[in-house]
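One structure below.
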Amino acid sequence: MLFTGLMPVLIKELRTQLRGSRAALLITLYVGLALIAMRLIYNSVAGQIGVGPPIFSAQIGQSIFIGLALAVQTLTIFLAPATTINSISSEYERRTYEMLQATPLTATQLLVGKLLSGVAFTVLMLFAALPLFSIIVLFGGVGIADIVRVVAVVLATAVAGGALGLLCSAITRQTYSATLLCYALLVALIGGTLLVANLWTQTNGNAPAPPNYVFTNPLTAIASALGRTRPPEIVSSETLRPLVLLSLLSQGTVTIEAGERVVLPMYRATLVVYGALTIGFIWICLHLLQPKGQRRLVRTDAVFLAVALAYSLIVSLARPWWLAGLAL
């Protein structure tokens, strides 16, 4: 029943998003900025050839991959919520939400359909930028496991970002206010966690910050996923300058064990948290869409409780896998 009602919402939302110049502008912006980042990184690396230690083809490919992954993740963080941030508020602003309530669609079908359409558009932007990653094949140095880790973090960020956009839209019911609220939360999350981690490092003798401070940060998560892609330690940050940014975002992902530098798979804990947040955001949106005087527990709450319990069981069984990212 849920999937039957999703199709009308998906078709309507995708037609709305792909109509006009907004979709083309977002895709052009996404691919264009990623291309600019790749070009700047390549120029930076090429300018270091012949200066200091020798640079091999695989190391150039790794540097380009790191820069592209950071650029794509940054764009996804700020563009994924934009695909859903007006999904609920626009219905109230156009006074069409009452009409939707008169249809056989349930609130769950409406929300999940709008979220899936937003994620589908984000995936479309990712596919548009995919040819840029093919250039890495020419240089080598990047394995399938590296690509899988990065794609998993980017997709989880897209889904959680879309759910956050829906939540802000349902809370404010005004697109302008939802936009301000959503991006204020994103800036506070990214900047706040990095600031706290850096303060902890400065006040503790430059020791690496605990991963608990930053594992919810999407940029730190992608830095953790890229940690194993970093070229050999013989290549310093002065030789390959794009790696400096990776080091700045790696707060909490690096620990010292037996005198050796170890990169924690912190992105695993990030994936778990983003999955839980997505479920929670949609559940909160369901109650926010109910009339103020009629907000009560309904059958849908039992379904979401079952989903939450199933998710908790899976997470509990996978504790050794994701706790390794927190060094616990």
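How do 24-30, 93-99 rank on mean C-beta neighbours within 10 Å, highest first? Let's see the in-between values first.
Numbers: 24-30: 15.0, 93-99: 11.0.
Highest-to-lowest ranking by the protection proxy: 24-30, 93-99.
A cut-off of 5 Å between modelled amide H atoms, ignoring neighbours fewer than 5 places along the same chain, links residue 264 with 254, 255. Evaluating 6.51 cos²θ - 1.76 cosθ + 1.60 at θ = phi - 60° for every residue in the range 7-18, the Karplus couplings come out as 4, x, 5, 4, 5, 5, 5, 5, 5, 5, 5, 8 Hz, glycine and proline recorded as x. Here the translational diffusion coefficient of the range 2-326 follows from Stokes-Einstein with Rh set to the Kirkwood radius across Cα pairs; for 37 °C and 0.692 mPa s it amounts to 154 µm²/s. Computed from backbone phi with θ = phi - 60° and the Karplus coefficients 6.51, -1.76 and 1.60, the 3J(HN,Hα) list for the range 107-118 is 4, 5, 4, 5, 5, 5, x, 5, 5, 5, 5, x Hz; x is used for glycine and proline.
Sum up the charges of everything whose Cβ sits under 14 Å from the Cβ of residue 169, counting Lys and Arg as +1 and Asp and Glu as -1, but leave residue 169 out. Combined, the nearby Lys, Arg, Asp and Glu give 0.
Per-residue 3J(HN,Hα) values for the range 180-191, derived from phi via the Karplus relation 6.51 cos²θ - 1.76 cosθ + 1.60 with θ = phi - 60°, read 4, 5, 4, 6, 5, 5, 5, 5, 5, 5, 5, x Hz in sequence order (x marks Gly and Pro).
Every read-out reported here was derived from the displayed coordinates using simple, explicitly stated rules and does not represent laboratory data. Since the structure is predicted, the reported quantities are computational estimates derived from the model, not experimental observations. As a convention, Cβ positions derive from the backbone with ideal geometry for all residues, glycine included, and neighbour counts pool all protein chains shown.
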